Amino acid sequence: MHEIFVPARITHLLTIESQEIRAVELTVPEVYEINGVSYSVRDAMWPGTAFLARPMGYRTRKLRRRMYTRSNCSMTAPYVLQTIINHTHEEKADTSIWWQTSEVEDWMRKGIPLDVRLEWDDAHTGLHIYENTKICKPSNLRLEPDGEWEHMRIVAIGFSTGLTPFLSYVRYMAAHDFGKSTGEGVRFTLIVSVRHPGQLMFHEELLEVERLFPQHFRYHPVLTRVWPDDWKYSTGRLFRVGATASGEPVVDLGPLRQVVPDLQGVHLRFCGNKEACHQLEMGLRQAGITPLSFRSEVW
Ligand SMILES: Cc1cc2nc3c(=O)[nH]c(=O)nc-3n(C[C@H](O)[C@H](O)[C@H](O)COP(=O)(O)OP(=O)(O)OC[C@H]3O[C@@H](n4cnc5c(N)ncnc54)[C@H](O)[C@@H]3O)c2cc1C
């Protein structure tokens with residue numbers, strides 16, 4: 001069926017690392033007119049899902065279709081789609097470069113619209129923001145439904161902008177007091193790995209949530225390349241690949257297990273690059289660790 005795109009505005013840009021990482025906010029209109037009829041637009045995106053936008057390609061100078069995981073949540077920031085985008089440095093990188101340029105600041109200043117995909121509601125009487133998945137699968141990071149996540153012990157590992165889906169979880173969970181009203185509440189550990197302190201994203205906010213909900217939320221930022229002398233969290237890689245005498249790869253999960261000694265008792269989540277995800281899976285297999293569940297997303 002014919003896809004519907006609505007013109008959104010870039011309403012906020014936060015450069016986390018120049019030319020490398022930016023947090024972007026796109027604001028979607030609350031009403032959209034099709035063939036002379038105005039339809040209300042609902043924002044019911046669920047934490048951990050992604051929206052579809054049409055940014056410009058730096059290399060191709062064409063509008064492209066790209067998915068972006070939302071880093072805030074519809075409940076606390078309706079119609080404002082925040083995401084975090086990094087320059088991939090892949091050979092064919094296109095939109096990920098554009099997002100880091102001053103042209104994006106121009107688009108924001110001039111109010112140049114950027115398309116975001118909508119969908120019809122079931123009754124075809126209203127529209128909602130399209131989200132990439134409606135069901136929880138091992139290969140996506142849509143948060144479990146209300147009534148489930150509050151009873152889980154979750155450990156989430158985000159490499160660089162892989163923090164994005166988990167930031168949405170944290171914000172949603174904080175808005176629900178981490179599920180305390182339903183009983184014990186969730187226990188959520190967020191491990192974020194970046195190269196140096198300048199790449200930490202929403203660090204102060206995450207520390208503050210941890211201060212407010214110490215029984216429910218633990219934040220563990222890891223610095224892999226550069227760290228201050230007084231850094232009290234992990235440094236270096238969370239898991240390391242070596243080789244046996246015969247050249248077989250061996251993954252040492254030691255540093256990760258120091259942060260979370262009982263990986264078999266948790267619901268493990270990962271977001272980051274494909275290679276790191278494979279290494280983590282291999283490390284778990286080699287150590288004979290089977291978490292309660294494992295779900296991951298790689299971009
Ligand atoms: C569910 C999901 C969520 C994501 N969330 C984020 C996020 O939060 N933050 C983030 O930074 N990135 C996210 N990504 C990745 C993002 O969509 C882009 O792929 C990434 O930013 C790189 O974009 P790029 O245009 O530079 O390069 P690529 O997407 O790698 O594209 C490079 C080139 O490959 C070709 N190409 C790519 N895809 C296709 C295709 N489907 N069909 C045909 N040709 C293609 C095009 O020629 C393009 O110019 C997500 C991806 C998915 C699938």
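Values for this structure:
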| item | result |
| --- | --- |
| Filter result (surrounded by fewer than 20 Cβ atoms within 10 Å (Cβ to Cβ) and either touching a Ser or Thr at 6+ places or on another chain (Cβ under 7 Å) or at pLDDT below 95 (or both)) within region 1-24 | MET1, HIS2, GLU3, ARG9, THR11 |
| Exclusive hit being in the same structural domain as ARG218 (by TED's automatic domain parsing) and at pLDDT 95 or above, set LEU163, LEU143 | LEU163 |
| Region 78-106 residues that are within 16 Å of GLU25 (Cα to Cα) and without any contact (Cβ under 8 Å) to a residue 24 or more places away in the chain, paired with ones that are away from the ligand (no atom under 13 Å from the Cβ) and part of a loop (DSSP other than H, G, I, E, B) (beta carbon under 8 Å, 6 or more apart) | ASP106/ILE112 |
| Subset of region 56-66 (residues that are out of contact with any strand residue (DSSP E or B) (no Cβ under 7 Å at 6 or more places or on another chain) and within 10 Å of the ligand (Cβ to nearest atom)) | GLY57, TYR58, ARG59, THR60, LYS62, ARG64 |
| PHE166 vs. criteria within 13 Å of the ligand (Cβ to nearest atom), touching a residue at least 12 places away in the same chain (Cβ under 8 Å) and in contact with a helix residue (DSSP H, G or I) (Cβ under 6 Å, 6 or more places away or on another chain) | no |
| Restricting region 91-109 to residues that are assigned to a loop (DSSP other than H, G, I, E, B) and within 8 Å of the ligand (Cβ to nearest atom), the residue that is surrounded by the most Cβ atoms within 10 Å (Cβ to Cβ) | TRP99 |
| Selection status of LYS180, part of a loop (DSSP other than H, G, I, E, B) and out of contact with any Ser or Thr (no Cβ under 9 Å at 6 or more places or on another chain) | no |
| Considering residues of region 67-85 that are part of a strand (DSSP E or B) and surrounded by fewer than 20 Cβ atoms within 10 Å (Cβ to Cβ) only, the residue nearest to the ligand (Cβ to nearest atom) | MET67 |
| Some residue of region 143-161 being in contact (Cβ under 8 Å) with a residue 60 or more places away in the chain, part of a loop (DSSP other than H, G, I, E, B) and within 16 Å of the ligand (Cβ to nearest atom) | yes |
| Looking only at region 211-231, and only at residues there that are hydrophobic (A, V, I, L, M, F, W, C) and in a loop (DSSP other than H, G, I, E, B), the one that is farthest from THR189 (Cα to Cα) | VAL226 |
| The one condition in (1) touching a residue at least 60 places away in the same chain (Cβ under 8 Å); (2) basic (Lys, Arg); (3) out of contact with any strand residue (DSSP E or B) (no Cβ under 8 Å at 6 or more places or on another chain) that ARG117 fails to fulfil | (3) |
| Residue among ARG240, ARG187 that alone is modelled with pLDDT under 95, away from the ligand (no atom under 16 Å from the Cβ) and in contact with a strand residue (DSSP E or B) (Cβ under 8 Å, 6 or more places away or on another chain) | ARG240 |
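Residue-wise test of (1) of a type in the set (Lys, Arg); (2) away from the ligand (no atom under 16 Å from the Cβ); (3) surrounded by 15 or more Cβ atoms within 10 Å (Cβ to Cβ).
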site: PRO261; (1), (2), (3): no, yes, no
site: LEU268; (1), (2), (3): no, yes, yes
site: ALA276; (1), (2), (3): no, no, yes
site: MET282; (1), (2), (3): no, yes, yes
site: GLN286; (1), (2), (3): no, yes, no
site: THR290; (1), (2), (3): no, yes, no
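The values are calculated or read from the model by the stated rules, or taken from the named source; none is laboratory data. Everything numeric here is computed off the predicted structure, so don't read it as measured data. Because the Cβ atoms are built from the backbone with ideal geometry, glycine has one as well, and the counts that use them run over all protein chains shown.
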